[in-house]
Amino acid sequence: MKFGELKSKIETCLTESYKNKNLKRDLFVFEELVLKNKNISQVFFLYDELSSNKGLSESVANEFINESITAYENLVNKITHNQIKELKTILSTPKETLVENYNKIKDEVLNKLNGQKEESDSETQETINKVLNKLQTESFNELNYYKLKQLNGGL
């Protein structure tokens, strides 16, 4: 899938979420997965810059395009294949399956954190308690699922 197609799908998803009154939730996910990721947000910026008419002379426009393409290629190379694959998998998995997996992973993480808490100093225990409280109060969404998978992999 090309970047333009992915960007169009994201824009369509956000438009649909506006219609379905889920825009706030989906914008939060977009911010966490795209805007807070420096490489991906730069790719979005470059794509938009290259898509609009700047009224530049031909030589300046060619130089701008060449520099932008080089920057784009460097940024895209930093985004790993695994990150793209995982994002596609999450977005294409039925929500019911994600919720089921989310609950299983959440149980695993809670067990791991409780086990580590017993072996830790007081400062670490305090941090673990904050994470445990957050996990117990958080509800499912795709972003929380992604973060929980990352946390489980790091434990």
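The values are calculated or read from the model by the stated rules, or taken from the named source; none is laboratory data. These numbers come from a predicted model, not from an experiment. All Cβ positions, glycine included, derive from the backbone under ideal geometry; neighbour counts span all protein chains shown.
Here is a yes/no grid of residues against (1) at pLDDT 75 or above; (2) out of contact with any helix residue (DSSP H, G or I) (no Cβ under 6 Å at 6 or more places or on another chain):
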{"position": "39", "(1), (2)": "no, no"}
{"position": "43", "(1), (2)": "yes, no"}
{"position": "54", "(1), (2)": "no, yes"}
{"position": "58", "(1), (2)": "yes, yes"}
{"position": "66", "(1), (2)": "yes, yes"}
{"position": "70", "(1), (2)": "yes, yes"}
{"position": "79", "(1), (2)": "no, no"}
{"position": "87", "(1), (2)": "yes, yes"}
| field | Index of the failed condition, residue 50 passing every other in (1) over 17 Å from residue 140 (Cα atoms); (2) in contact with a helix residue (DSSP H, G or I) (Cβ under 6 Å, 6 or more places away or on another chain); (3) in contact (Cβ under 8 Å) with a residue 24 or more places away in the chain; (4) not assigned by TED's automatic domain parsing to the domain that holds residue 138 | value | (3)
| query | Is it the case that residue 56 is outside the structural domain of residue 150 (by TED's automatic domain parsing) and surrounded by 14 or more Cβ atoms within 10 Å (Cβ to Cβ)? | reply | no
| Filter the stretch 27-48 for residues that are of a type in the set (Phe, Trp, Tyr) and out of contact with any Phe, Trp or Tyr (no Cβ under 7 Å at 6 or more places or on another chain); which is farthest from residue 4 (Cα to Cα)? | 28
| task | With respect to residue 85, determine if the residue is outside any loop (DSSP other than H, G, I, E, B) and not assigned by TED's automatic domain parsing to the domain that holds residue 5. | result | no
| request: Considering only the stretch 88-127, state which residues are of a type in the set (Ser, Thr, Tyr) and outside any helix (DSSP H, G or I). | output: 93, 120
| task | Return a yes/no flag: does the stretch 20-41 have any residue that is surrounded by fewer than 12 Cβ atoms within 10 Å (Cβ to Cβ) and more than 25 Å from residue 137 (Cβ to Cβ). | result | yes
| remark: Flagged in the stretch 59-77 as closer than 30 Å to residue 144 by Cα and surrounded by 13 or more Cβ atoms within 10 Å (Cβ to Cβ), in numbering order, are 72, 75, 76
| field | Out of 130, 106, sole residue that is surrounded by 11 or more Cβ atoms within 10 Å (Cβ to Cβ), over 29 Å from residue 46 (Cβ atoms) and basic (Lys, Arg) | value | 106
| task | Could you please let me know if residue 92 is within 19 Å of the chain's Cα centre (by Cα), exposed (fewer than 14 other Cβ atoms within 10 Å of the Cβ) and under 14 Å from residue 146 (Cβ atoms)? | result | yes
